[in-house]
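In what follows, a structure is listed as structure tokens, so that the remarks can point back to it.
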Amino acid sequence: MEPNRREIEVKAKLLGSNNMQADLNRAHFRENNCLAINLIGSPGAGKTALLEKTLPQLIVNLQVGVIEGDIFTSKDADRIAVHEVPVVQINTGGGCHLDSKMVSKVLPEFDCKSTDLMIIENVGNLVCPADFDLGEAFKVIVLSIVEGDDKPAKYPVIFRNAKAVVLNKMDLEAFTDVNMGNMKQDIRIINPDIHIFEVSCRNGNGLEAWTSWLSQEVTAYQEKENLAGTKL
Ligand SMILES: Nc1nc2c(ncn2[C@@H]2O[C@H](COP(=O)(O)OP(=O)(O)OP(=O)(O)O)[C@@H](O)[C@H]2O)c(=O)[nH]1
Ligand SMILES: [Mg+2]
């Protein structure tokens, strides 16, 4: 059923107000020379597992903060806290995505000036978070390959707007009928510039490439911001 005019107006207003706060969040991150990324994927794709596996490498050279989005619990924040990085949980109380206002409310809990990388794990959902800019520099998708190779074609919006996709659970490839060639081809048709990483958070394969790419993105962001003279 087509949305009526009133529904379209309400959605436009909601997104407009979200975008305004997102721009303020982005300016805040920029002023503090902190690269913020928005990590998006279906429930169980392995977003928190990816953080658990990569934080030990990242924190060797970087100050990292984590914002955990969840509908009700603080289970993910508890998993991240073990790694001794500042972490704040946001509970949406039923909402299927984070929005920029929720993020702005927790930013004062971080020392953003000394944070190089802020990772925002969104609520498990491949659809709703696509519309809501949080003020991040870019989006990263985590996709479990066992969800099927048709998922990029079925949920293209999120792939169109992301800078990287982490194809997780590669250790399970042999137990599924997933066709990795088709999956990657569909992703590249939707977004030819996207970076694709094939990893297993279970056995660790492929994680080094992902971690070093992310570290390079932090360096590139900070050099760019320094050149622009925004570092205080
Ligand atoms: N076999 C296998 N299991 C994995 C892998 N990565 C994560 N898992 C498992 O998948 C399940 C879900 O992982 P999570 O990290 O909680 O997924 P998530 O995307 O953070 O989930 P939500 O926050 O609920 O959306 C857990 O049981 C993990 O142990 C992997 O590479 N291989
Ligand atoms: Mg999680």
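The values are calculated or read from the model by the stated rules, or taken from the named source; none is laboratory data. Bear in mind the structure is a predicted one, so any value in this text is a computation, not a measurement. Neighbour counts are summed over all protein chains in view; Cβ atoms, including those assigned to glycine, are modelled from backbone coordinates with ideal geometry.
Table for the structure above
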quantity	calculated
Residue within the stretch 51-68 that is modelled with pLDDT of 95 or more, out of contact with any Leu (no Cβ under 7 Å at 6 or more places or on another chain) and part of a loop (DSSP other than H, G, I, E, B) present	yes
Among the candidates GLN89, GLN57, GLN63, residue that is within 13 Å of ligand 1 (Cβ to nearest atom), over 13 Å from GLU136 (Cα atoms) and either touching a Gly at 6+ places or on another chain (Cβ under 8 Å) or not β-branched (Val, Ile, Thr) (or both)	GLN89
Any chance ILE194 is in contact (Cβ under 8 Å) with a residue 24 or more places away in the chain, away from ligand 2 (no atom under 16 Å from the Cβ), of a type in the set (Val, Ile, Thr) and within 17 Å of ALA45 (Cα to Cα)	no
Test for GLU121: is it under 17 Å from the mean Cα position of the chain (by Cα), among the acidic types (Asp, Glu) and within 16 Å of ligand 2 (Cβ to nearest atom)	yes
Failed item, numbered, when LYS113 is tested on (1) more than 14 Å from ligand 1 (Cβ to nearest atom); (2) over 17 Å from LEU39 (Cβ atoms); (3) in a loop (DSSP other than H, G, I, E, B)	(3)
Single residue of ASP23, ASP70 found to be away from ligand 1 (no atom under 16 Å from the Cβ) and either over 27 Å from SER215 (Cβ atoms) or of a type in the set (Asp, Glu) (or both)	ASP23
